[in-house]
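J.: The structure under discussion is supplied below as structure tokens; questions concerning it will follow.
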Amino acid sequence: MVEKMRVISLFCGAGGMDYGFLKAGHTIVWANDHDKDSLETYRNNICKKFNLPEDHVVLGDIEKIDTKDIPDGDVVIGGFPCQGFSVANPYRKVGDARNKLYLELLRVIKEKKPKYFVAENVPGLLSIGNGEVIRMIMKDFKEAGYKAQYKILNAVEFGVPQSRRRVIILGTRDDIAKRIFHPQPTHFENSSVNISGKKNNSWKTVRDAISDLPEEPTEKIPNHQGTKHKVKINGHLGNRATKWNKPSPTIVGRGGGTGGPVIIPHPNLKRRMTVRETARLQSFPDDFIFYGAITSQFRQIGNAVPWPLAYNVAKEIPK
């Protein structure tokens, strides 16, 4: 039985990471994001499904929020905005103004002093400035009084039908004896028998995720609508063929500096994925409804942490 922890969620978006922590038995005492559509989605799904007070979800710029207005918690989580770090952004650099937002995560951790923290970002974070940024971040966490370690985890290894590599930074306050560690994979590329004599869970594929949905988009299924943007297979981001029998490529929230969402092709290569199909590739259940314009819905999904990955991390929090 997981000991219920009080969780402060920063940069919560539509609530993918929060969904995983709630499914693992923890509770969200405060959540924040600056995007109105994301929080409408959050309130209409996370709050209603888990009976959370809507006033725990705060719309606003975290840089302008006093930590005195944030309740105490045992865990701080946050997939801090990654556009300045992402390899999808060819203009990334150490001095990118957006990179400073991890300092807001650090500020809340330093002032609220939770037992643990979980931070998520893109793998590109590790290579900026030949590792200068990640070394700076780890030094900051150490000086704040935390034992921290990072590891790249792939969501496909935790039952998500998508290859999605992310850096997960875990921190344990120095005076807490039981540390939090990264989870071991639950799903494998092949289903061979493991050392315990049981058959491994195989990676989930695009077929596993969406083959039961009507191939023609329809309003009869919530969010099963998409874009008229034509499919053009040329090997570039968002324009690579999607394979039925493989996990999906990474679902992203935006393009390389264009600002618009990148929507991968359907395996039939006749159209691009709908919002519902994309949500399934991120492991959102069908009763999780997205709000806002369609471009906003795609962005919310692309920016989310798949809940099974968050769930497996949340289960590692010591009892």
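The values are calculated or read from the model by the stated rules, or taken from the named source; none is laboratory data. Predicted model, so just to flag it, every value in this text is computed and none were measured. With ideal geometry, Cβ positions are generated from the backbone for all residues, glycine too; neighbour counts draw on all protein chains shown.
Residue-by-condition table, conditions (1) free of Cβ contacts under 8 Å to residues at least 60 places away in the same chain; (2) in contact with a helix residue (DSSP H, G or I) (Cβ under 6 Å, 6 or more places away or on another chain); (3) within 21 Å of Gly13 (Cα to Cα); (4) aliphatic (A, V, I, L, M):
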{"residue": "Pro217", "(1), (2), (3), (4)": "yes, no, no, no"}
{"residue": "His224", "(1), (2), (3), (4)": "yes, yes, yes, no"}
{"residue": "Thr227", "(1), (2), (3), (4)": "no, no, no, no"}
{"residue": "Lys230", "(1), (2), (3), (4)": "yes, no, no, no"}
{"residue": "Gly238", "(1), (2), (3), (4)": "yes, no, no, no"}
{"residue": "Ala241", "(1), (2), (3), (4)": "yes, no, no, yes"}
{"residue": "Arg254", "(1), (2), (3), (4)": "no, no, yes, no"}
{"residue": "Gly260", "(1), (2), (3), (4)": "yes, no, yes, no"}
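J.: Here is a follow-up. Could you grab the pairs with beta carbons closer than 9 Å, sequence gap of 6+ or different chains, first residue in the stretch 12-33 and under 18 Å from Asp69 (Cα atoms), second one in a strand (DSSP E or B) and among the polar types (S, T, N, Q)?
T.: Within 9 Å, the pairs are Cys12/Asn32; Ile28/Ser9; Val29/Ser9; Trp30/Ser9; Ala31/Ser9; Asn32/Ser9; Asp33/Ser9.
J.: Something else now. Under the condition of being touching a helix residue (DSSP H, G or I) at 6+ places or on another chain (Cβ under 6 Å) and within 22 Å of Pro222 (Cβ to Cβ), which residue from the stretch 47-60 is surrounded by the fewest Cβ atoms within 10 Å (Cβ to Cβ)?
T.: Going through the qualifying residues, I end up with Glu54.
J.: Let me ask another. So Glu277 ticks every box in (1) assigned to a loop (DSSP other than H, G, I, E, B); (2) in contact (Cβ under 8 Å) with a residue 60 or more places away in the chain; (3) more than 21 Å from Val122 (Cα to Cα); (4) among the charged types (D, E, K, R) but one. Which box is left unticked?
T.: In the conditions (1) assigned to a loop (DSSP other than H, G, I, E, B); (2) in contact (Cβ under 8 Å) with a residue 60 or more places away in the chain; (3) more than 21 Å from Val122 (Cα to Cα); (4) among the charged types (D, E, K, R), Glu277 misses (1) alone.
J.: Take the residues of the stretch 107-128 that are modelled with pLDDT under 95 and touching a Gly at 6+ places or on another chain (Cβ under 9 Å): which is nearest to Pro308 (Cα to Cα)?
T.: This residue is Asn121.
J.: Select, from Gly197, Gly159, Gly235, Gly256, the only residue that is within 23 Å of Ala304 (Cβ to Cβ), at pLDDT below 95 and not β-branched (Val, Ile, Thr).
T.: Details: Gly197 fails: within 23 Å of Ala304 (Cβ to Cβ); Gly159 fails: at pLDDT below 95; Gly235 fails: within 23 Å of Ala304 (Cβ to Cβ).
Answer to the check: Gly256.
J.: Under 7 Å between Cβ atoms, at least 6 apart or on separate chains: pull out the pairs that start in the stretch 62-78 with a residue that is crowded, with 17+ Cβ neighbours inside 10 Å and modelled with pLDDT of 95 or more and end on any residue that is of a type in the set (Phe, Trp, Tyr) and assigned to a helix (DSSP H, G or I).
T.: Here the result reads Ile77/Phe21, each pair linking the stretch 62-78 to a residue that is of a type in the set (Phe, Trp, Tyr) and assigned to a helix (DSSP H, G or I).
J.: If I ask for residues that are of a type in the set (Ser, Thr, Tyr), touching an Asp or Glu at 6+ places or on another chain (Cβ under 7 Å) and part of a helix (DSSP H, G or I), which ones from the stretch 291-319 would you list?
T.: Start the filter on the stretch 291-319 by keeping residues that are of a type in the set (Ser, Thr, Tyr), which leaves 291, 295-296, 311.
Okay, now just the ones that are also touching an Asp or Glu at 6+ places or on another chain (Cβ under 7 Å), so 291, 296.
If the condition is that a residue be of a type in the set (Ser, Thr, Tyr), touching an Asp or Glu at 6+ places or on another chain (Cβ under 7 Å) and part of a helix (DSSP H, G or I), then Ser296 is the only one that fits.
J.: Still on this structure: Of all residues in the stretch 1-13, which are in a strand (DSSP E or B) and farther than 24 Å from Leu281 by Cβ?
T.: First pass over the stretch 1-13, keeping only residues in a strand (DSSP E or B): 6-10.
Result: Arg6, Val7, Ile8, Leu10.
J.: Here is a list: Asn245, Asn223, Asn268. Which entry is in a loop (DSSP other than H, G, I, E, B), polar (S, T, N, Q) and on the phi > 0 side of the Ramachandran plot? I'd like the intermediate steps shown before the answer.
T.: Values: Asn245 fails: on the phi > 0 side of the Ramachandran plot; Asn268 fails: on the phi > 0 side of the Ramachandran plot.
Every option except Asn223 fails the conditions.
J.: Considering only the stretch 272-305, how many residues are more than 20 Å from Phe50 (Cα to Cα) and in contact with a strand residue (DSSP E or B) (Cβ under 6 Å, 6 or more places away or on another chain)?
T.: 2
J.: So which residues in the stretch 171-183 are surrounded by fewer than 23 Cβ atoms within 10 Å (Cβ to Cβ) and within 22 Å of the chain's Cα centre (by Cα)? Break it down stepwise before answering.
T.: Within the stretch 171-183, the subset surrounded by fewer than 23 Cβ atoms within 10 Å (Cβ to Cβ) is 172-183.
Answer for the stretch 171-183, where residues must be surrounded by fewer than 23 Cβ atoms within 10 Å (Cβ to Cβ) and within 22 Å of the chain's Cα centre (by Cα): Thr172, Ile180, Phe181, His182, Pro183.
J.: Name the single residue, out of those in the stretch 14-57 being part of a loop (DSSP other than H, G, I, E, B) and within 21 Å of Gly171 (Cβ to Cβ), that is nearest to the chain's Cα centre (by Cα). Full working, then the answer.
T.: Looking only at the stretch 14-57, we keep the residues that are part of a loop (DSSP other than H, G, I, E, B), and these are 14-15, 24-26, 34-35, 51-53.
Narrowing further to those that are within 21 Å of Gly171 (Cβ to Cβ): 24-26.
Numbers: Ala24: 16, Gly25: 18, His26: 17 Å.
Going through the qualifying residues, I end up with Ala24.
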